[in-house]
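Working notes, structure below.
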Amino acid sequence: MADATTQAAHSKAGHHDHGTKRYFIVWGILLICTVLTVWTGYKDLGSLNLPLALVIATFKATLVILFFMHMTESAATNRIVFVTSFVFMLVMIFGVFGDLWTRSQMSLPNHVPSTEGPEIPVFEGGSLPPPGHHE
Amino acid sequence: MSSSDGHAHNPNLAHHFDTIEKQDYAARLGMWLFLGTEVLLFAGLFLGYTVYRHFYHDAFHHCSRALNIGLGTINTLVLITSSLFVALAYWGVKVGRIKLALGMLVLTILCAAGFLFIKYLEYSHKFHVGELPGKWFRAEELMKYPGANMYFTIYFLTTGLHAFHVIVGMSVLIWVGLRIWKGKYTPDYYVPVELGALYWHLVDLVWIFLFPLLYLI
Amino acid sequence: MSQPSQTSQHNEDKPVYPAVNYLNADRGVKSWLLTLDHKRIGVMYLMSVLVMFLLGGIFAMAIRLELLTPEPTIMGANTYNRMFTLHGVVMIFLFMIPAIPGVFGNFCMPLMLGAKDVAFPKLNLLSLYLYWTGAILALTAMLMGGVDTGWTFYAPYSTTTPMTVFPALLGVFILGFSSIVTGLNFIVTIHTLRAPGLTWMRMQLFVWAIYATSIIQVLATPVIGLTVMLVGIEKVGGFGLFDATKGGDPVLFQHMFWFYSHPAVYIMVLPSMGVVSDAIAAFARKNVFGYKMIAYSSLGIAFVGFFAWGHHMFTSGQSPFDNGAFAVISMFVGVFTAIKVFNWVGTLYRGAILVSAPFIYICGFLFFVVFGGMTGIAVATVSLDVHWHDTYFVVAHFHFIMVGAVIMGFLIAIHYWFPKMFGRKYHEGWGMVAASFIVLGFIATFIPQFLVGNAGMPRRYYMYPERFQAMNVASTAGSTLLAFGFIIIAIYLIYALMRGEIAGDNPWNSRGIEWMTTSPPSKGNFDKPLVVTQDPHSYQKPGEEVEHVVI
C-alpha cells in the first residue's frame with residue numbers, strides 16, 4: 001500500500017530528525033495565544049467574544065495537531081480520520097442547534113412571536129362537523 | 001512468514017504483519033481512530049454546552065465570572081507545557097537520548113499532577129460555596145439567574161470527564177516510561193511512545209477548547 | 001485466474017476434512033478463552049449471539065402471547081413494559097449490532113483479505129470480553145427486576161424510574177466499547193493487511209460492507225456511550241442534564257440518543273447487505289452487476305445515515321425546520337439502497353440459480369428490504385409520520401428491516417459459511433423447509449402489524465381496542481411459525497455440526513477468496529502466501545456465458 005511504503009522510506013532514511021526547535025517555537029506561540037485569549041476574554045466585544053475565543057482556540061489546536069502530534073508527517077489516512085471526527089462533531093452540534101434556533105422562531109416575517117395562543121376560527125351555526133365523525 | 005529470508009527480524013514484529021513498517025503504520029492508524037472516538041465522546045458534552053448556553057446565556061455569563069480565571073490560565077499553561085515535554089520525550093527516544101526522554105516524561109507527569117491539584121483546589125472551593133451541579137446547587141448569589149445550576153452541571157461533567165482522561169493519560173505515560181527505562185523502546189522501535197504522546201496531546205486539545213468556553217464567556 | 005486452493009480439489013474428488021485445523025489445533029478451554037485466532041473468536045461470538053437471540057426471541061414470544069387478547073392475557077402492565085424493553089435491548093445491543101461483524105466479519109473478513117489475522121488480535125479478544133461483560137450486566141439488570149423504559153431509555157422516565165436502569169445502562173456503555181474496538185480493528189485490518197495484488201477494487205463486497213459498518217461504529221458509538229453515561233449520572237447523582245425541573249431539555253437526550261441510534265441501524269443492515277452481495281454472486285454463479293456501485297453505495301449509506309437522526313423525533317417538539325430537513329435527508333438513504341437492489345436483481349438476471357436455503361432467504365431478503373425500505377420512506381414523510389409515530393406501523397417497518405433484511409442476511413451467512421467454518425454440510429432439504437417457514441412466518445407476523453398500526457394501534461401498549469384483535473392474533477400465529485422455523489434450523493445445524501456430510505474446501509464452488517483454503521481453515525489460514533490476481537466475484541470472463549453447473 002502506498003502509505004506504508006512511504007512511511008518505510010522515512011524511517012529507513014534516518015528518521016527525518018527535525019530537531020526540537022519547532023516544538024519550542026510552537027510552545028511559545030501557544031503561550032502567547034493563551035495570554036491573548038484571556039486578554040480578549042476580559043474585553044466586552046458583545047457577540048464577538050465567543051467566536052473570537054473559538055478562533056484562537058482552533059488556531060492553538062491546529063498547531064498542537066500539526067506539530068506536536070506530527071500530523072504534518074502523518075499518513076493521509078490518519079489525517080482524514082481525525083478531521084472526519086471533528087466534522088461529525090460539528091454535524092451533531094449544528095443539527096441540534098438548528099432545532100433549538102428554529103424552534104420558537106418559525107413565525108412569519110415581520111411577525112414578533114407572541115405569547116398568546118393561535119387564532120382559532122369560530123364557526124357560526126351548524127356548520128361544524130358532528131363529533132365522532134372520524135371512522 | 002519470511003523468517004527464512006535472512007532479513008533481520010525486529011523482535012517486536014507480530015506474526016501476521018509482513019514488515020515492521022506496516023505494523024507501525026497500523027498502530028498509528030489504530031491510535032488516530034481511537035483519538036477520533038475520543039473527540040466524539042467529548043462532542044456530546046460540547047453539544048450540551050452549546051444547548052444550555054443558548055438557553056441560559058445570562059446565567060452562563062455570570063457563572064463563568066465565578067470561576068477563577070487565574071487558576072484556569074495557569075492550568076492551560078501547565079497543560080501546554082506538558083505537551084511540549086511529552087513531545088520532547090518522544091523526540092528523545094527517537095534519537096536515542098533515553099535519559100532526556102525519561103526526564104521529559106517525568107516532567108510531563110508532574111505537570112499532569114499539578115493540573116489535577118489545581119483542579120482539586122477549584123473543585124473544593126465550589127463545594128464550599130455550593131456551586132454544584134443539578135440538585136446540589138446552592139450558591140446563593142447565582143441563584144437569581146435561571147439555569148445557573150445547568151452551568152455547573154456542564155462544568156463538572158466536562159472537567160470531570162477531562163480529569164478522568166488526565167488520570168488515564170498519566171497512567172499510560174507512567175507505563176510507557178517504565179518500558180523505556182527497561183530498554184524496550186529505542187530508536188529502532190518507539191511507536192508505543194508515539195502513541196502515548198498522541199493520547200496526551202488529545203487531553204491537551206480538549207482543554208484548549210474547554211478553557212475559553214468555560215472561563216472566558 | 002484464481003489461485004488454486006491448497007488442496008486443489010475438483011468436484012469429482014472425495015471432499016476432504018483436514019485433520020488439523022483451527023478447531024483442534026490447540027486443545028483445552030484456556031486455549032479458547034485466551035485465543036488470538038480471529039476464527040475462534042468468531043465462533044465464540046457465534047455461540048454468544050445465538051444465546052442472546054434465543055433470549056430476545058423468548059421476550060418476543062412473551063409479547064406476542066400477551067397481545068393475543070385485548071385484555072391482560074398473561075401479564076400486567078409493568079411486566080409488559082419490561083418485556084418489550086428487554087426484547088429491544090437484547091436484540092439490538094446483544095444480537096443485531098455485534099452479530100454479523102462479530103461472527104462473520106471476524107471469521108471471514110481476514111480470509112477474504114488473504115491475511116493471517118486481524119490487525120490487533122488482542123484487541124479482538126478484548127472486544128469479545130467486553131461483549132460478555134455487557135451481556136452479563138444486561139442479564140443482571142434483568143434479574144434485578146428488569147428495565148421498563150423501552151430500549152430507547154428516554155429521559156425523564158429513565159432518570160426517574162424506580163427500576164434498575166443503571167446496570168442496563170452500564171451494560172450498553174460497555175457493549176458500545178466492544179463495538180468501537182471491533183470497528184477500529186476492522187478498519188485497520190482492511191487498510192493494512194490486504195494480500196499483495198488485492199487492491200481496494202478487487203475486494204469482495206462483504207469486505208466493503210464491513211468497512212462501511214466499521215466507520216459508523218467508530219464515529220457514532222462514542223456518542224451513545226456518553227449519552228447512557230449521562231443518564232446514569234443523572235439517575236445516581238441528580239445532575240439534571242435532561243431534567244426539565246432543573247432547566248434541562250429532554251429533547252436533548254433524544255437528539256444525542258438518535259445521533260447514534262440511527263446510524264446504528266446501518267451498522268445492523270450494512271453487513272447483512274454485504275453478505276447478500278457475496279451470496280447472490282455465488283448462488284447465481286454470475287459476476288456481480290455493478291460492483292463499484294454496490295461498493296460505493298455502502299459508503300454512501302454510512303455517510304448519509306449520519307445526517308438523518310431527527311426523523312425519529314418528528315413529534316417530539318423538534319422545530320418544523322429541522323423536521324423538514326431530516327425528512328429530506330432521510331429520503332436520500334433510499335437512493336443508495338435502491339441502487340443496491342437494482343444491482344442485486346441485475347446479478348440474478350440470467351444467472352445459473354442454485355435453489356437452496358440461502359437462495360430462499362435471498363428472495364425473502366429482496367422482497368423485505370424493498371418493502372421495509374419503501375415504508376421507511378413513507379414514515380420519513382413528516383405529514384404521514386405524525387399519524388404513524390408510536391404505532392405498530394413503525395414497529396412493522398423496522399422489523400421488516402431488522403428481521404426481514406438483517407436476520408435474513410444472518411441466516412444466509414450462517415448457511416453459506418457453515419461449511420467454511422465447520423467443514424460440514426447441513427441438510428439442504430430441511431434447510432429449505434425451515435427457510436419457507438421463516439419467510440412465510442415473517443410475512444404473517446409483520447404485515448398485520450402494518451395494517452393494525454395504520455388503523456391506530458399504539459406500540460408498547462399491552463391492552464388495545466377490540467377491533468385490533470384479529471390482526472394481533474394473525475401476527476402471533478405468524479410469529480409462532482417463525483419461531484418454529486428457527487427451531488428447525490437450530491436442530492439441523494447442531495446435527496450437522498456433529499454428523500454433517502463432509503463439505504470439502506469449496507462445496508459451493510464460490511469464487512470468494514475465503515474458499516481458497518481448507519474448510520475448516522488451518523490456524524494460520526493460508527499455507528502459502530497468497531497473491532491475488534482475480535477480480536472479485538468473477539464467475540465468467542468478460543463476454544463468457546454463464547456456466548450451468550450441477551453441484
* Asked: What is the Cα coordinate range of segment C:144-254 on the first, second and third principal axes, sorted by size from largest, in whole angstrom?
  -> 61, 31, 20
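Between C:T133 and C:C363, what length comes free when the chain is fully extended (0.36 nm per residue of separation minus the Cα-Cα distance, one decimal in nm)? Numbers along the way, then the final one.
Details: separation 230, 0.36 × 230 = 82.80 nm, distance 3.68 nm.
Here the answer is 79.1 nm.
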* Structure fact -> Ordered by fewest other Cβ atoms within 10 Å, a rough proxy for footprinting exposure, B:E140, B:E21 read B:E140, B:E21
* Residues in segment C:225-267 reached by a label modelled at B:F127 [backbone nitrogen below 18 Å; 7 Å Cα→Cβ] -> C:237-239
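Suppose a student asked you for the relative contact order of segment C:388-516, using Cα pairs under 8 Å spaced at least 6 residues apart; what percent would you report? If you can, show how the numbers build up before the last one.
On the way: 149 pairs, mean separation 49.8, N = 129.
Once normalised by length, the contact order is 39 percent.
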* Cross-link partners among lysines for B:K119, C-alpha distance below 23 Å, same-chain residues fewer than 8 apart left out? -> A:K60, B:K135
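Per residue and in cubic angstrom, what volume does the convex hull of the Cα atoms of segment B:45-149 have? Present the calculation step by step, with values, prior to reporting the outcome.
On the way: hull volume 11.6 nm³, N = 105.
It is 111 Å³ per residue.
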* To do: Calculate the mean, over all residues of peptide A:68-80, of how many other protein chain Cβ atoms lie within 10 angstrom of the residue's Cβ.
  => 5
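Averaging the inverse of every distinct alpha carbon separation and then flipping it gives the Kirkwood radius. What is it for chain C, in angstrom units? Could you put the intermediate results ahead of the total?
Details: mean 1/r = 0.0418 Å⁻¹.
Computed over Cα pairs of chain C, the Kirkwood hydrodynamic radius comes out at 23.9 Å.
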* Structure fact -> Hits for chain B under the membrane-span-like helix rule (DSSP H, Cα axial span at least 20 Å, Kyte-Doolittle mean at least -0.5) are B:20-55, B:69-95, B:98-129, B:148-181, B:191-215
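Can you tell me the length gained on complete extension of the stretch C:Y349 to C:I502, counting 0.36 nm per residue apart and subtracting the Cα distance?
On the way: separation 153, 0.36 × 153 = 55.08 nm, distance 3.15 nm.
Separation in residues times 0.36 nm, less the Cα-Cα distance, equals 51.9 nm.
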* Asked: Going down the table (A:K43/B:K126; A:K21/A:K43; A:K21/B:K184; B:K94/B:K182; B:K22/B:K184; C:K30/C:K122), which pairs top 23 Å between alpha carbons?
  -> A:K43/B:K126; A:K21/A:K43; A:K21/B:K184
* When Cβ neighbours within 10 Å are restricted to other protein chains, what is their mean count per residue of peptide C:306-319? -> 3
* Which value, in Å to one decimal place, does the Kirkwood hydrodynamic radius take for segment B:174-217 when every pair of different Cα atoms is included? -> 12.2
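What is the ratio of the Cα radius of gyration of segment C:126-193 to 2.2 N^0.38 Å, with N the residue count, to two decimals? Present the calculation step by step, with values, prior to reporting the outcome.
Details: Rg = 14.9 Å, N = 68, 2.2 N^0.38 = 10.9 Å.
Output field value: 1.36.
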* Asked: Can you list the aspartates and glutamates whose alpha carbon is less than 17 Å from that of C:K39, not counting same-chain residues fewer than 8 positions off?
  -> C:D26, C:D117, C:D505, C:E514, C:D527
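For the protein assembly as shown, give the magnitude of the charge dipole about the Cα centre (Cβ charges: +1 Lys/Arg, -1 Asp/Glu; no others), in debye to the nearest 20. Walk me through the numbers before you get to the answer.
Details: 51 positive and 47 negative charges, 406 e Å.
Once rounded to the nearest 20, the dipole reads 1960 debye.
Which order results if C:W430, C:W515 are arranged by neighbouring Cβ count within 10 Å, fewest first? If you can, show how the numbers build up before the last one.
Numbers: C:W430 17, C:W515 23.
If I rank by nearby Cβ atoms, fewest first, I get C:W430, C:W515.
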* So how strong a dipole does chain B carry about its Cα centre when Lys and Arg Cβ are +1 and Asp and Glu Cβ are -1, to the nearest 20 debye? -> 400
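For C:V188, C:V207, C:V531, what's the fewest-to-most ordering of other Cβ within 10 Å of each Cβ?
Values: C:V188 25, C:V207 28, C:V531 11.
In order of increasing Cβ crowding within 10 Å: C:V531, C:V188, C:V207.
Where nothing but the Cβ of Lys and Arg (+1) and of Asp and Glu (-1) is charged, how large is the charge dipole of segment C:416-551 around its Cα centre, in debye to the nearest 20? Let's see the in-between values first.
Details: 11 positive and 10 negative charges, 114 e Å.
Once rounded to the nearest 20, the dipole reads 540 debye.
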* **Computed label-point distance, nm, for sites B:E141 and A:K21 using a 7 Å Cα→Cβ extension** => 5.0
* Please state, as a whole number in µm²/s, the translational diffusion coefficient that the Stokes-Einstein equation yields for segment C:41-87 at 25 °C and 0.890 mPa s, with Rh defined as the Kirkwood radius across alpha carbon pairs. => 210
* Got a sec? Charge dipole of the protein assembly as shown, +1 on Cβ for Lys and Arg, -1 for Asp and Glu; which of C:G441, B:V51, C:G500 is way out at the positive end? -> C:G500
* For helix C:291-304, report the angle its Cα long axis makes with the longest principal axis of the Cα atoms of chain C; keep it between 0 and 90° and round to the nearest 10°. => 20
* What nm value, rounded to one decimal, do you get for the distance between A:E73 and C:V20 when each label is placed 7 Å out toward the C-beta? -> 4.4
* Structure fact -> The convex hull of the Cα atoms of segment B:103-182, divided by residue count, gives a volume in Å³ per residue of 79
* If contacts are Cα pairs under 8 angstrom and at least 6 residues apart, what is the relative contact order of chain C in percent? -> 21
* What FRET efficiency would be calculated for the residue pair C:D527, B:H15, taking the C-beta separation as r and a Förster radius of 22 Å, to the nearest 0.05? -> 0.95
* **A:W39-C:F332 pseudo-label distance in nm [points 7 Å out on the Cα-to-Cβ vector]** => 4.4
* Which FRET efficiency, nearest 0.05, do C:H387 and B:L100 yield, Cβ-Cβ r, R0 56 Å? -> 0.20
* Structure fact -> The rounded separation in angstrom of the Cα centers of segment C:472-488 and segment C:277-341 is 30
* Sorted from largest down, give the three principal axis spans of the alpha carbons of the protein assembly as shown, whole angstrom values. => 99, 84, 51
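Which whole number gives the average count of other chain Cβ atoms within 10 Å of the Cβ atoms across peptide B:48-55?
Working: counts 10, 1, 7, 12, 6, 1, 4, 5.
Mean inter-chain Cβ contacts per residue within 10 Å come to 6.
Every read-out reported here was derived from the displayed coordinates using simple, explicitly stated rules and does not represent laboratory data. None of these values were measured; they are calculated from a predicted model. Glycine also receives a Cβ, built like all others from the backbone with ideal geometry; neighbour counts cover every protein chain displayed.
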